[in-house]
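Colleague: Please read through the structure below; I'll follow up with questions.
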Amino acid sequence: MRRLFPVTEETAAQARADGGAPAAAGAAADREWDLAELAAAYAYPDPAPGAPRPWLRANMVSSLDGAAQHEGHSKPISNAADMRIFGTLRALADVVLVGAETVRQEGYRPARVRAEFAGARAAAGQAPVPAIAIVSASLDLDFTLPLFTSPLVPTLILTGAAAAPDRVAAAEKAGARVLVAGEGMGVEPARAVEALAGLGHTRLLTEGGPRLLGQLIAAEVLDELCLTVSPTLTAGGAQRISGGPSVAVPHRFELVSLLEEDGFLFGRYRRP
């Protein structure tokens, strides 16, 4: 893996503190980075004094021609380096926010313990794994899946106040914790972020899908985008990484760092 664009001074300082000398020095080393180096490069910003503000980052992959998936799945346009970063971002997060359709399409499972990150998570006061938080208006979910039957930490479901009571009851019976984050059937992104922060989850990660990411963008609650550009072409009618209505004025983000491996580009962009 090579660094094409330096990390911020803040991230480099964190890397030095964590002992990740090769990454912190900005060396353009064409090799596989270890997980500590990746964690330093993708560290969340240090919280401000007082009550920490939640920080929401997204992690998405796109083909060269803009497809977020191929035949309904992101795996065909991913690679091993992308999956290392995927696992690292999960290991840094308190909670992973995901749309119900993505849970169904991608066959989501509970986050697994990563021994390499156990010490860092404990030192940061985090649970052994991030919770999975599903955004669902209908709660049309299969509660017999491992996401509900065998998570290390309870799965969360964000829904609206008008959600069907029988589905809420079914979710709670399955062991999920239901959070109301909207007045009607749907979820309001800002309230979702607030609800998660109310549980102490301030390092937030969303993995989409496109519809959910579009809602987060439109609500202006997204702080950071980690985007993998895959050197592949898919054609077809696959979705982009975000969908839904367009915003009135395009949101401009700043490039924080850019890495490359095997033709894949791994960009990190932040709200100014």
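Colleague: Restricting attention to the stretch 98-118, and to residues there that are part of a loop (DSSP other than H, G, I, E, B), closer than 26 Å to Gly214 by Cα and not aromatic (Phe, Trp, Tyr), which single residue is modelled with the lowest pLDDT?
Modeller: Gly107
Colleague: Taking only the stretch 45-72 into account, find how many residues are within 13 Å of Leu227 (Cα to Cα) and surrounded by fewer than 19 Cβ atoms within 10 Å (Cβ to Cβ).
Modeller: Selection size over the stretch 45-72: 2.
Colleague: Identify the single condition in (1) open to solvent by less than 30 Å² (accessible area, probe 1.4 Å); (2) at pLDDT 95 or above that Pro231 does not satisfy, given that it satisfies every other one.
Modeller: Only one criterion is unmet by Pro231, namely (1).
Colleague: Among the residues of the stretch 246-271, write down those that are over 20 Å from the mean Cα position of the chain (by Cα) and in a loop (DSSP other than H, G, I, E, B).
Modeller: Within the stretch 246-271, Ser246, Val247, Ala248, Val249, Pro250, Asp262, Gly263 meet the criteria.
Colleague: Then there's this: Return the residues of the stretch 200-210 that are closer than 24 Å to Ala68 by Cα and assigned to a loop (DSSP other than H, G, I, E, B); say none if nothing qualifies.
Modeller: Once the filter is applied, which keeps residues that are closer than 24 Å to Ala68 by Cα and assigned to a loop (DSSP other than H, G, I, E, B), the stretch 200-210 yields Glu207, Gly208, Gly209.
Colleague: Can you find even one residue in the stretch 208-221 that is over 19 Å from the mean Cα position of the chain (by Cα), in contact (Cβ under 8 Å) with a residue 24 or more places away in the chain, more than 29 Å from Arg84 (Cα to Cα) and open to solvent by 30 Å² or more (accessible area, probe 1.4 Å)?
Modeller: no
Colleague: State whether one or more residues within the stretch 238-245 are hydrophobic (A, V, I, L, M, F, W, C) and either outside any loop (DSSP other than H, G, I, E, B) or surrounded by fewer than 18 Cβ atoms within 10 Å (Cβ to Cβ) (or both).
Modeller: No, every residue in the stretch 238-245 fails to be hydrophobic (A, V, I, L, M, F, W, C) and either outside any loop (DSSP other than H, G, I, E, B) or surrounded by fewer than 18 Cβ atoms within 10 Å (Cβ to Cβ) (or both).
Colleague: Now a separate question. Considering only the stretch 36-73, how many residues are part of a helix (DSSP H, G or I) and under 17 Å from the mean Cα position of the chain (by Cα)?
Modeller: 4
Colleague: I'd like the full set of residues that are out of contact with any helix residue (DSSP H, G or I) (no Cβ under 9 Å at 6 or more places or on another chain) and within 11 Å of Phe148 (Cα to Cα), limited to the stretch 171-191.
Modeller: Residues satisfying the conditions are Glu172, Lys173.
Colleague: Another question, then. Restricting the search to the stretch 74-86, which residues are part of a helix (DSSP H, G or I) and buried (at least 17 other Cβ atoms within 10 Å of the Cβ)?
Modeller: Within the stretch 74-86, Ile77, Ala81, Asp82, Arg84, Ile85, Phe86 meet the criteria.
The values are calculated or read from the model by the stated rules, or taken from the named source; none is laboratory data. Model, not experiment: these values are computed from the prediction. Don't worry about glycine lacking a Cβ; one is built from the backbone with ideal geometry, like all the others, and counts go over all protein chains shown. Ligands, DNA and RNA are stripped out before the accessible areas are found, and what is left, the full protein with its side chains, is counted by its heavy atoms. Shrake-Rupley method; radii C 1.70, N 1.55, O 1.52, S 1.80 Å.
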